[in-house]
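The values are calculated or read from the model by the stated rules, or taken from the named source; none is laboratory data. Quick caveat, the model's predicted, so the values are computed rather than measured. Every residue, glycine as well, gets a Cβ built from its backbone with ideal geometry; the counts of neighbours run over all protein chains shown. Each accessible area value is taken on the protein alone, full model and side chains, heavy atoms only, with ligands, DNA and RNA left out. Shrake-Rupley method; radii C 1.70, N 1.55, O 1.52, S 1.80 Å.
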Amino acid sequence: MSEETLILDGSVKSKEIQEEIKREVEKLEDEEGVVPKLSIVFAGNNPASKSYIKLQQRICDKVGIESEVVDLPGDISEEDLLAELDDLNNDDDVNGILIQMPLPDQVDDDKVIRSIDPDKDLDAFHPYNIGELVIDGDAYVPCTPEGVMALFDMYDIELKGKDVTVVGHSNIVGKPMALLLLNRNATVSVCHIDTKDTASYTTESDIVIVAAGVPNLITADMVKEGAIVIDVGINEVDGKIVGDVDFENVKEKASAITPVPGGAGPMTIAMLLKDTVQSCKDMLAN
Ligand code: NAD
């Protein structure tokens, strides 16, 4: 690693945010007598989802946020799932709702997404929240790109005028990431599975953000000297968690880089906590 390469430590920054949130939660309890609450809707038996939910609950617990899992059977009908969601939408004690994807095949994801109360939609799945993001409005944005933006801010990384390539164009990471960057006046290219020559974009970029779910997709020859590289990918290879970037070689060229694990992942959870508390405050104010 060149001496100057900065490791963008999402774990440390996430812990700083968690400390702040813990104090805010205590204040809400002392002054308003309320405890922020997150509900996670889960249907089926996906082991990866289960372990992620456990992690989310453990961290909620650490900062004093109440969390519940609405654990539904894998064969639940769409109608019953929508009824559960309706209860959560109307429950004044619930500040945030997460729908754990993928949902079972018999349930129409789109119908569910459009049925979440946008004010409790912390993943910003609902078209209302995505629309607000397009016009740089005030609404929830998906926690992972929000966490990447927080990381840029915490490390004082300027985005205005920078050439940025986002690799990946999912609704939950790549597209909102690109919009958040555009809203800060970065010049943004978005690459995806059908992009003819991803390297021709990444090699010209000041910042490369990768969220593809493909180990070693971004190699050292694909980044320019001094670039900032953010790896959102989470992949399991030979029992180890790795990102989408060839970290060992890319860090030799980058001026700053996120590790996996310990980069974008912990920031995602920090944003989830922050947004749950914000929703609680907003609900108290209205
Ligand atoms: P997705 O499967 O919905 O989207 C993948 C995107 O990558 C698509 O836009 C696809 O076109 C693109 N892509 C795939 N192969 C490509 C290639 N060879 N070249 C260029 N583009 C390619 O995935 P997602 O939900 O956006 O997640 C992406 C990755 O980020 C996954 O590894 C996921 O586990 C991870 N993730 C991490 C966090 C976190 O908290 N750190 C949160 C969400 C997702």
Requested in this report: Using just the helices of the chain, give the 222 nm mean residue ellipticity in deg cm²/dmol: DSSP H runs with n ≥ 4 each add -39,500 (n - 2.57), and the total is spread over all residues, rounded to 500.
Outcome: -12500 deg cm²/dmol
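Please calculate how many Å² of accessible area region 143-265 carries per residue, with a 1.4 Å probe and no DNA, RNA or ligand atoms counted.
Values: 5490 Å² over 123 residues.
Per-residue value: 45 Å².
For region 32-118, what is the per residue volume of the convex hull drawn over the alpha-carbon atoms, in cubic angstrom?
Taking only Cα atoms, region 32-118 has a hull volume of 86 Å³ per residue.
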Report task. With N set to the residue count of region 93-167, report its C-alpha Rg divided by 2.2 N^0.38 Å to two decimal places. Result -> 1.32
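Using DSSP, restrict attention to beta bridges with both residues in the chain and report what percent are antiparallel, rounded to the nearest 5. Walk me through the intermediate numbers first.
Details: 3 of 33 bridges.
Taking every DSSP beta bridge within the chain, about 10 percent pair in antiparallel fashion.
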**Report entry** Table column - 3J(HN,Hα) (Hz), region 40-46, Karplus curve with 6.51, -1.76, 1.60, x for Gly and Pro
**Finding:** 10, 8, 9, 10, x, 8, 5
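If we count every other residue with Cβ under 13 angstrom of ASP30's Cβ, Lys/Arg +1 and Asp/Glu -1, where does the sum land? Show your work: numbers first, answer last.
Working: positive: LYS22, ARG23, LYS27; negative: GLU24, GLU26, GLU29, GLU31, GLU32.
Every neighbour counted, the sum reads -2.
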Query raised in the report: Once phi is turned into ³J(HN,Hα) by the Karplus curve 6.51 cos²θ - 1.76 cosθ + 1.60 with θ = phi - 60°, what whole-Hz value does each residue of region 144-158 show in order, with x for glycine and proline?
Result: 5, x, 4, x, 5, 5, 5, 5, 4, 5, 5, 9, 6, 8, 6
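Could you work out the Rg to Rh ratio of the chain, with Rh taken as the Kirkwood radius (inverse of the mean 1/r over all Cα pairs)?
On the way: Rg = 19.2 Å, Rh = 19.7 Å.
Result for the chain is an Rg/Rh of 0.97.
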Report summary line: Largest fluctuation, ASN90, ASN171, ASN249 only, Gaussian network model of the chain with Cα springs under 10 angstrom, belongs to ASN90
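In µm²/s, what is D for region 143-265 at 10 °C and 1.306 mPa s, where D = kT/(6 pi eta Rh) by Stokes-Einstein and Rh is the Kirkwood radius from Cα pairs? It would help to have the intermediate numbers written out before the result.
Values: Rh = 14.0 Å.
Answer from the Stokes-Einstein relation: 113 µm²/s.
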Report summary line: Over region 32-118, with neighbouring protein chains present, the accessible area per residue in Å² at probe 1.4 Å is 51
